[in-house]
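S.K.: Sharing a structure below in C-alpha coordinates format, with a few things to ask.
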Amino acid sequence: MKMSTLSLAAAILFLYFSGCVYGGNDGVNPRNGFVLNDSLFRTEYAIRKNWTGGVEVAFTDMKQSASFSGKVHTVQFLLETLSDKVTYTYMPSDSAAFDRDKNFDVALLYQNVIYKEGQEVTGTGEILSKPTGGSLTFVQGPEYQTFTYVLEFGERRITGVYKGKVTVIE
(Lines give C-alpha, C1' and ligand atoms only; values in the text may rest on other atoms or scores of the structure.)
Protein backbone atom coordinates (compact mmCIF):
# COMPACT_ATOMS: atom_id res chain seq x y z
CA MET A 1 0.00 0.00 0.00
CA LYS A 2 2.84 2.39 0.83
CA MET A 3 4.42 1.84 -2.63
CA SER A 4 1.08 2.49 -4.35
CA THR A 5 0.60 5.73 -2.40
CA LEU A 6 4.12 6.89 -3.25
CA SER A 7 3.59 6.03 -6.93
CA LEU A 8 0.30 7.92 -6.98
CA ALA A 9 1.90 10.94 -5.30
CA ALA A 10 4.78 10.91 -7.79
CA ALA A 11 2.37 10.70 -10.73
CA ILE A 12 0.27 13.60 -9.40
CA LEU A 13 3.35 15.75 -8.85
CA PHE A 14 4.66 14.84 -12.29
CA LEU A 15 1.39 15.83 -13.96
CA TYR A 16 1.21 19.04 -11.89
CA PHE A 17 4.69 20.11 -12.95
CA SER A 18 4.18 18.93 -16.54
CA GLY A 19 1.58 21.57 -17.30
CA CYS A 20 -1.10 21.11 -19.88
CA VAL A 21 -0.33 18.38 -22.37
CA TYR A 22 -2.91 18.90 -25.11
CA GLY A 23 -3.30 22.40 -26.55
CA GLY A 24 -4.20 25.57 -24.70
CA ASN A 25 -0.65 25.84 -23.40
CA ASP A 26 0.99 27.82 -26.20
CA GLY A 27 4.11 29.66 -25.14
CA VAL A 28 4.51 27.61 -21.96
CA ASN A 29 7.26 25.00 -21.79
CA PRO A 30 5.99 22.08 -19.67
CA ARG A 31 8.45 20.04 -17.68
CA ASN A 32 9.32 17.32 -20.16
CA GLY A 33 10.44 14.04 -18.69
CA PHE A 34 9.52 10.64 -17.35
CA VAL A 35 8.94 9.10 -13.93
CA LEU A 36 10.68 5.85 -13.01
CA ASN A 37 10.88 4.42 -9.48
CA ASP A 38 9.32 7.63 -8.09
CA SER A 39 12.09 9.75 -9.65
CA LEU A 40 11.60 12.38 -12.34
CA PHE A 41 14.12 12.38 -15.21
CA ARG A 42 13.99 15.53 -17.34
CA THR A 43 14.13 14.95 -21.10
CA GLU A 44 14.36 18.35 -22.75
CA TYR A 45 15.28 17.03 -26.21
CA ALA A 46 13.33 14.94 -28.70
CA ILE A 47 14.74 13.35 -31.82
CA ARG A 48 12.92 11.83 -34.76
CA LYS A 49 14.72 9.78 -37.37
CA ASN A 50 13.09 8.24 -40.42
CA TRP A 51 14.56 4.93 -41.52
CA THR A 52 13.71 2.26 -44.08
CA GLY A 53 11.45 0.33 -41.68
CA GLY A 54 9.68 3.31 -40.11
CA VAL A 55 10.32 6.03 -37.55
CA GLU A 56 12.50 6.27 -34.44
CA VAL A 57 11.41 8.73 -31.73
CA ALA A 58 13.61 9.37 -28.69
CA PHE A 59 13.26 11.63 -25.64
CA THR A 60 16.54 12.40 -23.91
CA ASP A 61 18.44 14.70 -21.58
CA MET A 62 21.38 14.80 -24.03
CA LYS A 63 21.60 17.53 -26.64
CA GLN A 64 22.76 16.03 -29.93
CA SER A 65 26.45 16.90 -30.12
CA ALA A 66 29.59 15.17 -31.31
CA SER A 67 31.39 16.44 -28.20
CA PHE A 68 28.84 15.54 -25.49
CA SER A 69 30.19 13.69 -22.45
CA GLY A 70 28.17 12.60 -19.42
CA LYS A 71 25.36 10.33 -18.19
CA VAL A 72 22.31 9.97 -20.41
CA HIS A 73 18.69 9.00 -19.81
CA THR A 74 16.68 8.23 -22.95
CA VAL A 75 13.35 6.63 -23.80
CA GLN A 76 13.19 5.41 -27.39
CA PHE A 77 10.40 4.00 -29.57
CA LEU A 78 10.65 2.35 -33.00
CA LEU A 79 7.43 2.63 -34.96
CA GLU A 80 6.48 1.63 -38.47
CA THR A 81 4.30 4.76 -38.85
CA LEU A 82 3.74 7.97 -36.88
CA SER A 83 0.34 9.61 -37.40
CA ASP A 84 -1.34 12.54 -35.66
CA LYS A 85 -3.78 11.79 -32.84
CA VAL A 86 -3.00 8.09 -32.69
CA THR A 87 -2.25 6.04 -29.59
CA TYR A 88 0.12 3.17 -30.34
CA THR A 89 0.21 0.17 -28.00
CA TYR A 90 2.95 -2.38 -27.41
CA MET A 91 2.48 -5.74 -29.06
CA PRO A 92 5.08 -8.24 -30.29
CA SER A 93 5.34 -8.02 -34.09
CA ASP A 94 4.95 -11.79 -34.46
CA SER A 95 1.46 -11.60 -32.91
CA ALA A 96 -1.34 -12.27 -35.42
CA ALA A 97 -3.14 -9.12 -34.16
CA PHE A 98 -0.12 -6.81 -34.73
CA ASP A 99 -1.16 -3.76 -36.78
CA ARG A 100 1.70 -1.53 -37.96
CA ASP A 101 -0.64 1.49 -37.83
CA LYS A 102 -1.64 0.91 -34.18
CA ASN A 103 1.19 -1.02 -32.51
CA PHE A 104 4.91 -0.88 -31.81
CA ASP A 105 7.14 -3.77 -30.80
CA VAL A 106 10.46 -2.08 -29.92
CA ALA A 107 11.06 0.40 -27.10
CA LEU A 108 14.15 1.03 -25.00
CA LEU A 109 15.15 2.79 -21.80
CA TYR A 110 18.72 4.02 -21.40
CA GLN A 111 19.41 4.85 -17.75
CA ASN A 112 22.72 6.37 -16.60
CA VAL A 113 24.45 5.34 -19.82
CA ILE A 114 27.75 7.19 -20.15
CA TYR A 115 28.69 9.05 -23.33
CA LYS A 116 32.16 10.33 -24.10
CA GLU A 117 32.69 12.76 -26.96
CA GLY A 118 29.28 11.92 -28.43
CA GLN A 119 29.76 8.13 -28.34
CA GLU A 120 28.16 5.60 -26.00
CA VAL A 121 30.63 3.91 -23.63
CA THR A 122 29.86 0.18 -23.89
CA GLY A 123 28.86 -1.59 -20.68
CA THR A 124 27.80 1.53 -18.75
CA GLY A 125 24.45 2.24 -17.16
CA GLU A 126 21.43 0.07 -17.78
CA ILE A 127 19.55 -0.54 -21.01
CA LEU A 128 16.10 -2.12 -20.90
CA SER A 129 14.99 -3.43 -24.28
CA LYS A 130 12.18 -5.92 -23.73
CA PRO A 131 8.96 -4.11 -22.89
CA THR A 132 6.02 -6.10 -21.56
CA GLY A 133 3.45 -3.36 -22.19
CA GLY A 134 2.98 0.29 -22.94
CA SER A 135 1.55 3.00 -25.13
CA LEU A 136 2.63 6.13 -26.99
CA THR A 137 0.25 8.92 -28.04
CA PHE A 138 1.28 11.54 -30.59
CA VAL A 139 -0.49 14.87 -31.20
CA GLN A 140 0.76 17.44 -33.71
CA GLY A 141 0.31 20.99 -32.37
CA PRO A 142 0.57 24.25 -34.31
CA GLU A 143 4.26 24.83 -33.48
CA TYR A 144 5.09 21.85 -31.30
CA GLN A 145 4.51 18.13 -30.95
CA THR A 146 3.12 16.36 -27.90
CA PHE A 147 3.96 12.80 -26.91
CA THR A 148 2.64 11.01 -23.84
CA TYR A 149 3.85 7.54 -23.04
CA VAL A 150 3.81 4.62 -20.65
CA LEU A 151 6.26 1.72 -20.82
CA GLU A 152 6.42 -1.41 -18.72
CA PHE A 153 9.48 -3.58 -18.38
CA GLY A 154 8.17 -6.28 -16.06
CA GLU A 155 7.62 -4.60 -12.68
CA ARG A 156 9.23 -1.34 -13.81
CA ARG A 157 6.83 1.28 -15.15
CA ILE A 158 7.74 4.54 -16.91
CA THR A 159 5.27 7.38 -17.47
CA GLY A 160 6.34 10.39 -19.47
CA VAL A 161 5.50 13.43 -21.54
CA TYR A 162 7.26 15.59 -24.10
CA LYS A 163 5.83 18.77 -25.58
CA GLY A 164 8.03 20.87 -27.82
CA LYS A 165 9.94 20.93 -31.05
CA VAL A 166 11.41 17.68 -32.30
CA THR A 167 14.79 17.59 -34.04
CA VAL A 168 14.52 15.59 -37.25
CA ILE A 169 17.63 13.67 -38.30
CA GLU A 170 17.77 12.31 -41.82
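S.K.: Out of the residues in the stretch 122-166 that are charged (D, E, K, R) and in a strand (DSSP E or B), which is nearest to T43 (Cα to Cα)?
M.R.: Looking at residues that are charged (D, E, K, R) and in a strand (DSSP E or B), I get K163.
S.K.: Being under 19 Å from K163 (Cβ atoms), without any contact (Cβ under 8 Å) to a residue 40 or more places away in the chain, touching an Asp or Glu at 6+ places or on another chain (Cβ under 8 Å) and of a type outside the set (S, T, Y) is the requirement here; does Q140 meet it?
M.R.: no
S.K.: Has the stretch 94-104 got at least one residue that is assigned to a strand (DSSP E or B) and not β-branched (V, I, T)?
M.R.: So far as the stretch 94-104 goes, yes, one or more of its residues are assigned to a strand (DSSP E or B) and not β-branched (V, I, T).
S.K.: Of all residues in the stretch 33-82, which are within 18 Å of Y149 (Cα to Cα), touching a Phe, Trp or Tyr at 6+ places or on another chain (Cβ under 7 Å) and among the small types (G, A, S)?
M.R.: Within the stretch 33-82, G33, A46 meet the criteria.
S.K.: Further question: Give me the residue from the stretch 75-93 that is assigned to a loop (DSSP other than H, G, I, E, B) and either in contact (Cβ under 8 Å) with a residue 40 or more places away in the chain or in contact with a helix residue (DSSP H, G or I) (Cβ under 7 Å, 6 or more places away or on another chain) (or both) and, out of that set, least open to solvent (accessible area, probe 1.4 Å).
M.R.: L82
S.K.: Taking the options A96, A107, A66, name whichever one is loosely packed, with under 13 Cβ neighbours inside 10 Å, modelled with pLDDT of 95 or more and not polar (S, T, N, Q). Quick ask: steps written out before the conclusion?
M.R.: Working: A107 fails: loosely packed, with under 13 Cβ neighbours inside 10 Å; A66 fails: modelled with pLDDT of 95 or more.
Unique residue meeting the criteria: A96.
Yes or no, residue by residue, for (1) free of Cβ contacts under 8 Å to residues at least 12 places away in the same chain; (2) closer than 26 Å to G70 by Cβ:
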{"position": "S95", "(1), (2)": "yes, no"}
{"position": "R100", "(1), (2)": "no, no"}
{"position": "I114", "(1), (2)": "no, yes"}
{"position": "G118", "(1), (2)": "no, yes"}
{"position": "I127", "(1), (2)": "no, yes"}
{"position": "E155", "(1), (2)": "yes, no"}
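S.K.: Something else about it: State all residues of the stretch 84-115 that are in contact with a strand residue (DSSP E or B) (Cβ under 7 Å, 6 or more places away or on another chain) and among the polar types (S, T, N, Q); if no residue qualifies, say none.
M.R.: Once the filter is applied, which keeps residues that are in contact with a strand residue (DSSP E or B) (Cβ under 7 Å, 6 or more places away or on another chain) and among the polar types (S, T, N, Q), the stretch 84-115 yields T87, T89, N103, Q111, N112.
The values are calculated or read from the model by the stated rules, or taken from the named source; none is laboratory data. If you're wondering where the values come from, they're calculated on a predicted model, not measured in any experiment. Cβ atoms come from the backbone with ideal geometry, glycine included; neighbour counts cover every protein chain shown. Calculation scope for accessible area: heavy atoms of the full protein, side chains included, ligands and nucleic acids excluded. Shrake-Rupley method; radii C 1.70, N 1.55, O 1.52, S 1.80 Å.
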